[in-house]
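Report on the following structure.
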Number of protein chains: 2
Amino acid sequence: VELLYETARAVSPLDAAAMADARSRQARLTKPPGALGVLEELSVQLSGIAGACPPPRAEPAAVVVFAADHGVHAQGVTGWPQEVTAQMVANFVAGGAAVNVLARRAGADVSVVDVGVAADLAPAAGPVDGPVDGQRDRLVDRKVRRGTRDMTLEPAMTRAEAVEAVEIGIEVARERVEGGVRCLLTGDMGIANTTASAALISAFTGVDVTEATGRGTGADDATWRRKVSAVERALARPAGPEPLAVLASVGGLEHAALAGLILGAAAHRVPVVLDGVIAGAAALVVRALCPQALDYCVAGHRSAEAGHAVALDALGLRPLVDLDLRLGEGSGAVLALPLVQSSIAVLGEMATFDSAGVTDKTQPSKTQPS
Amino acid sequence: VELLYETARAVSPLDAAAMADARSRQARLTKPPGALGVLEELSVQLSGIAGACPPPRAEPAAVVVFAADHGVHAQGVTGWPQEVTAQMVANFVAGGAAVNVLARRAGADVSVVDVGVAADLAPAAGPVDGPVDGQRDRLVDRKVRRGTRDMTLEPAMTRAEAVEAVEIGIEVARERVEGGVRCLLTGDMGIANTTASAALISAFTGVDVTEATGRGTGADDATWRRKVSAVERALARPAGPEPLAVLASVGGLEHAALAGLILGAAAHRVPVVLDGVIAGAAALVVRALCPQALDYCVAGHRSAEAGHAVALDALGLRPLVDLDLRLGEGSGAVLALPLVQSSIAVLGEMATFDSAGVTDKTQPSKTQPS
């Protein structure tokens, strides 16, 4: 647990001087003040993260898809068989999933980190940790265990397993940043992981389980009721107030790893674009461990899954994209990446009123024609 | 007016067979049905527009910024001096405005068409109709007149002037499509043009002027009241029910040209991504002239300007981006372009359940493992 605490301690506040520079520069660009709305605030945040105005381009960008299975699958919380987790990992490695297609368009790297898939992946899914078919998509084996335990019967993870998964996320963030990555995006794959997300969101925000629990990738009424019941039974078992104990009790291995990725990104002063409800649940763990790290987060989108809006509200994050997506994988984060990069381009490349000879009504004495 | 009517008659329904193919293909892709939300509907629409599934990539894409001035500026409806229209055209030509920066990032072409700037542009703004500084940004002189008349005193345009501007838009669409463009984006520049937009929106939807009138690029309370009063006075003068008469009475030359661009795009079966409130007002003119053409429109974003939400509701369009932008120029349309292109990439490039060997719970008999 030393790496975790060390990383949390390394997270420092955003750079106030760079943020002030960004606000002042935004006011001089050839547009009415505030006319680029959320993109202006985003450019200020990104300047604060990098400690520079304009900040470096958020390139290269890398999606990390953490994959894991969930013991609670046994409670009938989803219509998808558990094998689909491993099948989709193979699909990611082959470059055929939505996140691969979207990442290719956005110029982002995709890698898959197995932190707990309940199957042996390497032979079925292609070469471990190497480039596949000319793409940079990779499969990294960091399996902590073959799926979590069934949280309705016992804690999903031991505290040691949860910490191990968090620290894997921290290490992956460090490796990516050392490899030159300047923007991290969260991805996830794990059949039944919206159930664990609902439990984390209800536990960390206090909202009722029925409010935190959505239909995932398409649950019918009966499945949804089983999902709510499973979350309620898991939360009925006292875990204590300690964030890592709550994570271990009802979370998933991918939630733990994503929390680590966020902490690691923040410690390295690199922005992290959050995908949907799984990332939102992981970010609530981060809020409890190290609230400062949330300053390094950008909410890529708001998913259609009920608990995600609850999580975003609690995190105080405004999503960039809001298109009723409910796929996961990192798809919503990747769709937001061009908006993140555009906000930086505007700050760095637009002309100022002075340089372009445009009259600024907010500074009539400076550039007003006679 | 022959070209206008001919173009409207050339607009045909979306291709139902291609749309059915797209829906069926979406259901076979390796994701839960509907999990990509609005992007799936968009891919179906784009297939219907092109008459092909998957549709061709929406590349090259071109933003056309129609620039014009407004006689109603004399009523004190904005704090910005009228010269800013011409100054911003020069900024576009030099590549320093927000739309240039965003279009470079998105890989889109920018051209500026002067349909009514109240100044002589060519000497001040650079070479006419040629590439500037290695960029493709161009200035095209199609000036109908030096700004509209003051709509509070008399019709802003004669019917002939309005028709001329609409037909310029149609011709520009044809030229761009003949030049290989496969996606058009609307842009606009014209100090005071949110006032004319409010008048068009109120006239075509029937909402109260106060609901249709926003603060543009930053009007204070007194300016906003003058803006509302100007719109009310203009609308008090009967224009008759004929859409072109309403357009001539209270519209702008850029609104007319944008209506033409939309009609032309639809006639050539090319999608047109609408920017903000100016494009929304122009699309209401199109709805009155040729409602079928709206099937070829994609709402790029919802601007913070009050009347835009009213226009989008009336048009039945859901915006892709919603980030409190209120800049115009085409900035919101360009920010939506990666989403449009991503929806096509997903349809064309994702693996199917069969090809990837992933179990499809919606088709248990086909791929369910034993």
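The values are calculated or read from the model by the stated rules, or taken from the named source; none is laboratory data. It should be emphasised that the depicted structure is a prediction, and the values quoted were computed from it without experimental measurement. Neighbour counts are summed over all protein chains in view; Cβ atoms, including those assigned to glycine, are modelled from backbone coordinates with ideal geometry.
Brief remarks follow.
- Scanning the range B:67-76 for residues that are of a type outside the set (A, V, I, L, M), within 14 Å of chain A (Cβ to nearest Cβ), crowded, with 21+ Cβ neighbours inside 10 Å and touching an Asp or Glu at 6+ places or on another chain (Cβ under 6 Å) turns up nothing.
- Matching residues, the range A:287-319, being aliphatic (A, V, I, L, M), without any contact (Cβ under 8 Å) to a residue 40 or more places away in the chain and within 18 Å of residue A:183 (Cα to Cα): A:294, A:299
- Qualifying residue in the range A:70-88 (condition: part of a helix (DSSP H, G or I), closer than 20 Å to residue B:30 by Cα, at pLDDT below 95 and out of contact with any helix residue (DSSP H, G or I) (no Cβ under 6 Å at 6 or more places or on another chain)): no
- Across the range B:34-47, the number of residues qualifying as more than 7 Å from chain A (Cβ to nearest Cβ) and in contact (Cβ under 8 Å) with a residue 12 or more places away in the chain comes to 7.
- Taken over the range A:214-245, the residue count meeting the criterion of being surrounded by 21 or more Cβ atoms within 10 Å (Cβ to Cβ), polar (S, T, N, Q) and under 20 Å from residue A:149 (Cα atoms) is 0.
- Test result for residue B:38, touching a helix residue (DSSP H, G or I) at 6+ places or on another chain (Cβ under 9 Å), surrounded by fewer than 24 Cβ atoms within 10 Å (Cβ to Cβ) and of a type in the set (Val, Ile, Thr): yes
- Flag for residue B:269 being under 14 Å from the mean Cα position of the chain (by Cα) and closer than 23 Å to residue B:182 by Cα: no
- Residue match in the range B:295-317 (condition: touching a Lys or Arg at 6+ places or on another chain (Cβ under 8 Å), part of a helix (DSSP H, G or I), surrounded by 24 or more Cβ atoms within 10 Å (Cβ to Cβ) and more than 9 Å from every other protein chain (Cβ to nearest Cβ)): yes
- Residue among B:346, B:340, B:358 that alone is in contact with a strand residue (DSSP E or B) (Cβ under 9 Å, 6 or more places away or on another chain), outside any loop (DSSP other than H, G, I, E, B) and within 30 Å of residue A:191 (Cβ to Cβ): B:346
- Identity of the residue in the range A:92-117, surrounded by fewer than 24 Cβ atoms within 10 Å (Cβ to Cβ) and more than 14 Å from chain B (Cβ to nearest Cβ), that ends up farthest from residue B:344 (Cα to Cα): A:111
- Here residue B:215 does not fit the description of being of a type outside the set (S, T, N, Q), closer than 27 Å to residue A:360 by Cα and without any contact (Cβ under 8 Å) to a residue 12 or more places away in the chain.
- Residue in the range B:198-213 that is modelled with pLDDT of 95 or more, over 22 Å from residue B:246 (Cα atoms) and of a type in the set (D, E, K, R) present: no
- Helices (runs of 4 or more DSSP H) wholly inside the range A:199-267 that include at least 2 residues being basic (Lys, Arg): A:221-236
- Taking the range A:162-198 as the range and being β-branched (Val, Ile, Thr) and assigned to a helix (DSSP H, G or I) as the test, the residues that pass are A:163, A:166, A:168, A:170, A:172, A:177, A:194, A:195.
- Qualifying positions in the range B:331-360 - under 16 Å from residue B:304 (Cβ atoms) and more than 8 Å from chain A (Cβ to nearest Cβ): B:332, B:333, B:336
- Residue check: residue A:93 meets all listed conditions (1) in contact with an Asp or Glu (Cβ under 7 Å, 6 or more places away or on another chain); (2) in a strand (DSSP E or B) but one, namely (2).
- In the range A:64-101, the residues that are charged (D, E, K, R) and under 19 Å from residue A:279 (Cα atoms): A:69
- Residue count for the range A:318-330, restricted to those that are more than 7 Å from chain B (Cβ to nearest Cβ) and of a type in the set (Asp, Glu): 1.
- When residues of the range A:143-161 are limited to those that are β-branched (Val, Ile, Thr) and either touching a strand residue (DSSP E or B) at 6+ places or on another chain (Cβ under 7 Å) or assigned to a helix (DSSP H, G or I) (or both), the one farthest from residue A:189 (Cα to Cα): A:144
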